Amino acid sequence: MTDKQEKILHAALELFSNEGYNATSTSKIGKKAGVSEGLIFRHFTNKQGLLDAIIKDAEVRIAEVIMPIIMETDAKTVLKKAIELPFGVKESEFDFWRLQFKLKWEVAYNNPQKMQPLIDKLATAFEALEYENPNLEAILLNQIVESISSEILKGNLKQQEAYKSFLLLKYKL
């Protein structure tokens with residue numbers, strides 16, 4: 001990928017995550033990236049092509065983030081890593097993750113299956129720890145972690161630290 005393509009993608013990511021996909025024009029992206037609008041069309045065909053490139057990257061990043069949890073064999077460590085997951089996100093990556101949360105509300109882009117491997121791993125961990133309903137526990141923990149992630153991306157990290165401690169104690173980790 002060329003330097004200009006990277007600049008275009010970064011500008012699109014920032015604008016899409018902060019202003020929304022529909023509210024962001026390709027001319028605005030070009031201006032932010034310091035390139036002509038025509039160059040955007042040459043590299044990505046249209047605004048949809050830009051979003052598709054970002055989504056493709058998202059699938060790779062999500063897999064990279066959850067893979068250490070999926071590969072873990074110790075049930076308690078699986079739960080601990082899942083709870084700690086949102087606290088490891090670098091602030092420089094907030095725009096990227098903020099956009100992923102926004103896209104969940106867009107019917108065309110909502111893909112709940114991308115988190116299914118994590119939910120399955122959590123269910124296996126809860127089953128190994130002999131929880132009464134491991135599948136529902138896994139779904140619940142995933143939803144709690146998503147909620148914590150959302151609040152962190154809004155800038156409420158300190159408040160969420162209390163939830164992290166609470167969850168670690170709750171699951172005896």
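The values are calculated or read from the model by the stated rules, or taken from the named source; none is laboratory data. Every value quoted in this text rests on a predicted model; they were computed, and no experiment measured them. When we count neighbours, we look across all protein chains shown, and the Cβ atoms used for this are built from the backbone with ideal geometry, even at glycine. Note: accessible area is taken over every heavy atom of the protein model, side chains too, but ligands, DNA and RNA are not part of it. Shrake-Rupley method; radii C 1.70, N 1.55, O 1.52, S 1.80 Å.
Numbers below:
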| quantity | calculated |
| --- | --- |
| Sole exception among (1) modelled with pLDDT under 90; (2) not in a helix (DSSP H, G or I) for D57, by number | (2) |
| Any hit, segment 84-103, residues being out of contact with any Gly (no Cβ under 7 Å at 6 or more places or on another chain), of a type in the set (F, W, Y), outside any helix (DSSP H, G or I) and within 21 Å of A11 (Cβ to Cβ) | no |
| Answer from F94, F101, F87 - the residue that is open to solvent by less than 70 Å² (accessible area, probe 1.4 Å), within 14 Å of the chain's Cα centre (by Cα), modelled with pLDDT under 85 and under 29 Å from Y21 (Cβ atoms) | F101 |
| Unmet requirement for I152, which otherwise passes all of (1) of a type outside the set (D, E, K, R); (2) within 18 Å of L167 (Cβ to Cβ); (3) free of Cβ contacts under 8 Å to residues at least 40 places away in the same chain | (3) |
| Residue list for segment 126-170, filter: among the basic types (K, R) and assigned to a helix (DSSP H, G or I) | K158, K164, K170 |
| Count - residues of segment 126-149 that are within 16 Å of I69 (Cα to Cα), open to solvent by less than 50 Å² (accessible area, probe 1.4 Å) and touching a residue at least 40 places away in the same chain (Cβ under 8 Å) | 4 |
| For L173: the one exception among (1) touching a residue at least 24 places away in the same chain (Cβ under 8 Å); (2) assigned to a helix (DSSP H, G or I) | (2) |
| Qualifying residue in segment 29-49 (condition: free of Cβ contacts under 8 Å to residues at least 40 places away in the same chain and within 23 Å of I148 (Cα to Cα)) | no |
| Candidate set: segment 57-84, residues that are aliphatic (A, V, I, L, M) and within 16 Å of K170 (Cβ to Cβ); chosen: the one surrounded by the fewest Cβ atoms within 10 Å (Cβ to Cβ) | A75 |
| Residue check, S165 open to solvent by 50 Å² or more (accessible area, probe 1.4 Å) and more than 23 Å from W105 (Cβ to Cβ) | yes |
| Residue check for A123: more than 26 Å from K154 (Cβ to Cβ), among the small types (G, A, S) and either modelled with pLDDT of 85 or more or surrounded by 14 or more Cβ atoms within 10 Å (Cβ to Cβ) (or both) | yes |
| Check on G49, modelled with pLDDT under 95, in a helix (DSSP H, G or I) and either over 21 Å from K114 (Cα atoms) or in contact with a Phe, Trp or Tyr (Cβ under 6 Å, 6 or more places away or on another chain) (or both) | no |
| Qualifying residues in segment 7-35 (those that are open to solvent by 70 Å² or more (accessible area, probe 1.4 Å) and not acidic (D, E)) - the one farthest from the chain's Cα centre (by Cα) | K31 |
